[in-house]
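The values are calculated or read from the model by the stated rules, or taken from the named source; none is laboratory data. Note that this is a predicted model, so its numbers are computed, not measured. Here the Cβ is made from the backbone with ideal geometry for all residues, glycine too, and neighbour counts use every protein chain on show. Quick note on the areas: whole protein, heavy atoms, side chains included, nothing else; ligands and nucleic acids left out. Shrake-Rupley method; radii C 1.70, N 1.55, O 1.52, S 1.80 Å.
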Amino acid sequence: MHTFDNVDAALFGVSTTQVPYDGFARGSGWEESGCANTAAVCLDVKAESDGDPLDEMQAMLAEMTKELRERFQRFQSQRRTAEQVADTAEDEADRKLAQADAKAAIEAVSLIVRTLEKIDSLQRTILSERRDTNERRGEVADYDAVVAEFDRRVKAKADAYFEQWKADYERCGKAPAADPAMGTGSDGKNGP
């Protein structure tokens, strides 16, 4: 049995002296024990959640796919070897043993294929969820972009009309003349 009495805990950033709990306020006990930064590092590592769960799931599925492909190839090789041994076996017991090995390899390959199909289905589901999420984000962004473009065009058109009116006013030295067909407007009525 191993004893850990002679292990230097300071190598792992752990204080060898007992530090009283102070709500992690880092009072004087933390500095005296030599682990002033240890608690923060440990807490940050435990609380760290920087990755997207879908990214983590996809990475895990990719690793599983890689592992299953390697096993698939190994079992196919075992099946071929077992079939060759069964074909060349001189003894009935050796032939049956080789056939049993080939059958087990075929069953393992079939299980791996079903698992790979399920992994593929999960990956497609993840991609579909991502695409839907991005489309939902895009719809909001597109709507905001359309509203912003509309506002920009209205402002540009209003500025152009204002500049045209200002140019006409400066050229004439006064407001543009009223259209006689529209009435003078002196009676307080607009129009003919």
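Every residue, every condition in (1) at pLDDT 90 or above; (2) more than 30 Å from Thr133 (Cβ to Cβ); (3) of a type in the set (Phe, Trp, Tyr), yes or no:
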site: Glu32; (1), (2), (3): no, yes, no
site: Lys46; (1), (2), (3): no, no, no
site: Ala59; (1), (2), (3): no, no, no
site: Glu63; (1), (2), (3): yes, no, no
site: Arg69; (1), (2), (3): yes, no, no
site: Ser77; (1), (2), (3): yes, yes, no
site: Thr81; (1), (2), (3): yes, yes, no
site: Ser110; (1), (2), (3): yes, yes, no
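Mind listing whichever residues of segment 87-110 are more than 30 Å from Glu67 (Cβ to Cβ) and among the hydrophobic types (A, V, I, L, M, F, W, C)?
Hits for segment 87-110 are Ala89, Ala93.
When only residues in segment 52-104 that are outside any helix (DSSP H, G or I) and over 24 Å from Leu116 (Cα atoms) count, which is least open to solvent (accessible area, probe 1.4 Å)?
Residue satisfying both the conditions and the ranking: Ala89.
Exactly one of (1) at pLDDT 90 or above; (2) closer than 30 Å to Pro53 by Cα is unmet by Val140. Its number?
Going through (1) at pLDDT 90 or above; (2) closer than 30 Å to Pro53 by Cα one by one, Val140 breaks only (1).
Being within 44 Å of the chain's Cα centre (by Cα), more than 25 Å from Ser121 (Cβ to Cβ) and touching a residue at least 24 places away in the same chain (Cβ under 8 Å) is the requirement here; does Arg79 meet it?
Yes.
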